[in-house]
1. Go through (1) in contact with a Cys (Cβ under 7 Å, 6 or more places away or on another chain); (2) farther than 30 Å from Leu85 by Cβ; (3) not acidic (Asp, Glu) for Trp252 and report which single condition fails.
2. Could you tell me whether Ile48 is crowded, with 20+ Cβ neighbours inside 10 Å and over 21 Å from His192 (Cβ atoms)?
3. Do the conditions hold for Gly213, that is, is it within 21 Å of Phe134 (Cβ to Cβ), of a type in the set (Gly, Ala, Ser) and either in contact with a Leu (Cβ under 8 Å, 6 or more places away or on another chain) or crowded, with 20+ Cβ neighbours inside 10 Å (or both)?
4. Select, from Asn71, Asn94, Asn63, the only residue that is touching a helix residue (DSSP H, G or I) at 6+ places or on another chain (Cβ under 8 Å) and on the phi > 0 side of the Ramachandran plot.
5. For Val220, work out the one condition from (1) of a type outside the set (Lys, Arg); (2) at positive phi; (3) buried (at least 18 other Cβ atoms within 10 Å of the Cβ) it doesn't fulfil.
6. Which members of the range 181-193 meet the condition of being free of Cβ contacts under 8 Å to residues at least 24 places away in the same chain and at negative phi?
7. Consider Trp252 against the criteria (1) of a type outside the set (D, E, K, R); (2) under 22 Å from the mean Cα position of the chain (by Cα); (3) surrounded by fewer than 23 Cβ atoms within 10 Å (Cβ to Cβ): it satisfies all of them except one. Which criterion is unmet?
8. Within the range 1-45, restricting attention to residues that are basic (Lys, Arg) and within 19 Å of Val220 (Cα to Cα), which residue is surrounded by the most Cβ atoms within 10 Å (Cβ to Cβ)?
Amino acid sequence: MKIAIVILNWNGRKLLEQFLPSVVNFSSKEAEVYVADNASSDTSIEYIKEHFPTVKIVQNEVNGGYAKGYNDALQHIQADVYCLLNSDIEVTENWLTPIAEVYKNDHNIAIIQPKLLDFKDKTKFEYAGAGGGFIDLYGYPYCRGRVFNFLETDTGQFNDTTEIFWASGACMFIRSEVYHKLGGFDEDYFAHQEEIDLCWRAQNEGYNIKYVGSSTVYHVGGATLQESNPHKTFLNFRNSLLNVVKNVPKRWFLFVVFSRLILDGIAGIKFAVELRPIHTLAILKAHLSFYKNFFKFLGKRRKLQKKANYNLHTSVVWQHFILGKKKYKDLQ
């Protein structure tokens, strides 16, 4: 099995200096390592050429964000499996072996995520993917090990291999055949939650998505956009709504869309009460952009099958904020 590890980079020389060594040291025997550069203006490319001559470079003409960046780069990379890896991830010894084994044993598995722990506190799960992702009734993403901003300590509770709904874009393995069959990422997302859309579409086509807890990586998180950045708030709220329009089954569609608009409004009020009005404004902008893109995504919706069975019984908003449940195992 030919694996290509593809790191998307934009002006990230410092991150490459810190994290590329672990990727090369622990991956080169089993995979080829690529850096897909999103038209950087720093000295990233020069650094790679000088210090890591075995790393292959694909140079994109523009910075199209995460979605277009990978779509452009992966046209030029031949492999059986792509590993889409953030530039702020430290990998561990033998991290690829269990992933490859799962792929070899089941050809219907299209996408895999390893265990994501926090680089800054390696005892904790990391926000972006933790122990594998799921979607609740209203289209809100949550993870085993991470419900909203509550992060669990890793005590081995998610060392298993299990089916999940979505894999984190911070470290996502995907069969190249499936990636191209699905048309890659939806570039209208730019960044954030496009991996959820891709996973949703993959399941609609009958593919499975797995979490493999015997493979571990450590993610800094927020290295490109900090959690406090209002643009990140904008992208997360808008793109989550676009996921709902594009993928939620017909009989739930109107209920979920209207419910989400109300719940997002409540989130905006919460930010205002917490004296974070810039994030309230970001949600308003997200909704304006959502209305602008609504009919475009409605058109995309008509072209898709909608068969994936997301969680129609769980509201993480209700269970977390009203009932006070913080851990994944306590959710119903």
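The values are calculated or read from the model by the stated rules, or taken from the named source; none is laboratory data. This is a predicted model, so every value here is computed, not measured. Every residue, glycine among them, receives a Cβ derived from its backbone with ideal geometry; neighbour counts consider all protein chains shown.
1. Every condition holds for Trp252 apart from (1).
2. It is true that Ile48 is crowded, with 20+ Cβ neighbours inside 10 Å and over 21 Å from His192 (Cβ atoms).
3. yes
4. Step by step, each of Asn71, Asn94, Asn63 is checked, and only Asn94 is touching a helix residue (DSSP H, G or I) at 6+ places or on another chain (Cβ under 8 Å) and on the phi > 0 side of the Ramachandran plot.
5. Answer for Val220: the failing condition is (2).
6. Within the range 181-193, Leu182 is the sole residue that qualifies.
7. Condition (2) is where Trp252 drops out.
8. Arg13
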